[in-house]
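Here is the structure we will look at, set down as structure tokens.
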Amino acid sequence: MKTLNVAIIGAAGWIGSVHAECYTRLNVLVPDAKVVLHTAVDVVEENAKKIAQQLNFLKYTTDYHDVINDPEVDIVDICCNNNFHKEIAIQAANAGKHVFCEKPLAMTESDAWEMVETAQRNHVINGCNLVYRKYPGVAFIKNLIEEGKLGKLYYIKILIEQDSHADPLDMHAWLFNRAKAGGGTIVTNGTHPIDLCRYLMGDYAEVCAVSETFIKERPKFDPSQIGMAGSRTFIEKRPDIIAGETEKVDVDDATAALIRFKEGGFGVLVSTWAKQGTRHNVGFEVVGSNGSAIFNTERLNEVQLYIHDHDDRSRIGYTTIFLGNEHPYGELTNMKSGSGIGGKDVFTIAMKDFVESVIAGKPMSPSFYDGYVAVRYLKRIQQSADEHRWVSAE
Ligand SMILES: NC(=O)c1ccc[n+]([C@@H]2O[C@H](COP(=O)([O-])OP(=O)(O)OC[C@H]3O[C@@H](n4cnc5c(N)ncnc54)[C@H](O)[C@@H]3O)[C@@H](O)[C@H]2O)c1
């Protein structure tokens with residue numbers, strides 16, 4: 001059995017704590033590895049200490065260099081703010097650590113490419129958490145496409161919608177600053193459908209996009225609350241923030257893009273974090289010459305499927321398939337077939353695939369390269385929205 005010591009950078013943040021929790025499940029799901037939560041890293045010391053105690057990390061620190069220089073650490077898992085991904089990933093790969101990095105991989109195409117090259121040069125396993133590929137429903141539809149069941153792909157309609165920043169009183173945070181986050185919803189949320197379009201439909205040829213900022217100022221960011229990406233509850237506890245200064249928002253609250261794919265067909269993509277009435281949903285319909293499929297994370301145990309394999313017009317229409325053990329990742333996520341899965345199960349699948357890649361010494365999918373391509377397409381979408389024109393994705 002191989003012991004793998006994991007350090008999580010940004011461990012006390014929202015997604016860092018989800019990663020930590022999911023790693024703890026791998027000792028059941030990956031029998032040939034002992035996964036140890038080794039070091040919790042967070043710039044806010046009390047938060048690093050708290051998460052380390054809660055999840056039994058062996059150590060905590062506020063300085064990520066401590067884990068880069070620690071020969072005991074095998075895996076560096078980067079869950080902090082986007083603008084630190086590159087520097088941490090490059091130092092970790094140069095130190096021979098395997099690196100799992102949250103999306104977006106980097107702030108710029110050239111940074112993302114440098115990360116790909118550095119990981120490849122050091123022969124370390126590298127993964128980018130484009131986690132929506134790991135939903136059993138998505139993987140099932142991908143298999144149907146590869147088996148040719150949907151025929152030639154015509155188009156995809158895809159959206160990511162949520163209400164997380166629909167409230168104008170959400171506190172300003174790094175997410176609303178283009179220099180720190182690289183963009184708004186199209187970065188934080190849109191990276192996922194941008195990647196899913198490539199995963200399901202193939203490489204992009206060109207894009208044309210429009211972006212809108214609906215809420216142009218937000219209550220000023222409180223540095224003592226670093227890590228809180230905007231919270232109504234917090235504002236209610238701190239009315240002085242509402243009465244105080246505001247900060248300008250220079251990122252998109254919604255972006256829509258048209259995509260033309262290299263192999264033919266097109267995509268229509270919408271990303272927003274300002275949709276009242278939808279807590280969170282990633283949904284798509286992929287349409288081919290011989291059938292169509294629909295998946296929505298709001299109903300993540302279901303796929304709607306239509307395959308045109310008969311002449312009876314009375315049978316035209318979608319059938320609902322309930323996902324179970326017979327579907328991708330089914331035995332991992334269902335207690336028994338049909339019992340259903342949840343969002344954290346999907347993160348667990350991503351971490352399991354990464355740990356298994358490390359054990360086997362085989363490339364992880366999605367890799368840094370996939371993360372790089374997602375950043376490239378994202379940047380071309382932003383360029384198109386900024387310049388009001390079609391932009392090549394090459
Ligand atoms: N794959 C997904 O579905 C998904 C979902 C949410 C967030 N994310 C990504 O995860 C990352 C974090 O997002 P979040 O919502 O958890 O943010 P967050 O603000 O809740 O957490 C970030 C944490 O990183 C810490 N931090 C910041 N800079 C650091 C540094 N240099 N060293 C150590 N710690 C540092 C902060 O103190 C904070 O605790 C982002 O890149 C985001 O895009 C991915």
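Taking the range 122-147 as the search range and keeping residues that are under 22 Å from GLN304 (Cβ atoms) and without any contact (Cβ under 8 Å) to a residue 40 or more places away in the chain, which one is nearest to the ligand (Cβ to nearest atom)?
GLU146
Quickly run through the range 324-357 and pick out the residues that are of a type in the set (Asp, Glu) and either within 22 Å of HIS98 (Cα to Cα) or in contact with a strand residue (DSSP E or B) (Cβ under 7 Å, 6 or more places away or on another chain) (or both).
Across the range 324-357, the qualifying residues are ASP353, GLU356.
Please state which of the following conditions ALA360 fails to meet, knowing it meets all the rest: (1) touching a strand residue (DSSP E or B) at 6+ places or on another chain (Cβ under 7 Å); (2) hydrophobic (A, V, I, L, M, F, W, C); (3) surrounded by fewer than 19 Cβ atoms within 10 Å (Cβ to Cβ).
(1)
Quick one: would you say ARG315 is in contact with a strand residue (DSSP E or B) (Cβ under 9 Å, 6 or more places away or on another chain) and among the basic types (Lys, Arg)?
no
Go through (1) in contact (Cβ under 8 Å) with a residue 40 or more places away in the chain; (2) within 26 Å of the chain's Cα centre (by Cα); (3) crowded, with 17+ Cβ neighbours inside 10 Å for ASN281 and report which single condition fails.
It fails just one condition, (3).
Out of all the residues in the range 270-278, is one or more under 24 Å from the mean Cα position of the chain (by Cα), more than 30 Å from ILE186 (Cα to Cα) and surrounded by 19 or more Cβ atoms within 10 Å (Cβ to Cβ)?
Among the residues of the range 270-278, not one is under 24 Å from the mean Cα position of the chain (by Cα), more than 30 Å from ILE186 (Cα to Cα) and surrounded by 19 or more Cβ atoms within 10 Å (Cβ to Cβ), which makes the answer no.
Please name all residue pairs, on different chains or six or more residues apart, with Cβ atoms under 7 Å, provided the first residue is in the range 97-109 and is aromatic (Phe, Trp, Tyr) and the second residue is part of a loop (DSSP other than H, G, I, E, B).
These pairs meet every condition: PHE100/ASN129.
When you go through (1) surrounded by fewer than 23 Cβ atoms within 10 Å (Cβ to Cβ); (2) part of a helix (DSSP H, G or I) one by one for GLU72, which number turns out not to apply?
All conditions pass for GLU72, except number (2).
All but one of (1) more than 12 Å from the ligand (Cβ to nearest atom); (2) under 21 Å from GLY13 (Cβ atoms) hold for MET107; state the number of the condition that does not hold.
(1)
In the range 11-50, what count of residues is obtained for those that are open to solvent by 10 Å² or more (accessible area, probe 1.4 Å) and within 12 Å of the ligand (Cβ to nearest atom)?
13
The values are calculated or read from the model by the stated rules, or taken from the named source; none is laboratory data. None of the values given here were measured: they were computed from a predicted structure. No Cβ is skipped: glycine too gets one built from the backbone with ideal geometry, and neighbour counts run over all protein chains shown. For accessibility, only protein heavy atoms count, side chains too; no ligands or nucleic acids. Shrake-Rupley method; radii C 1.70, N 1.55, O 1.52, S 1.80 Å.
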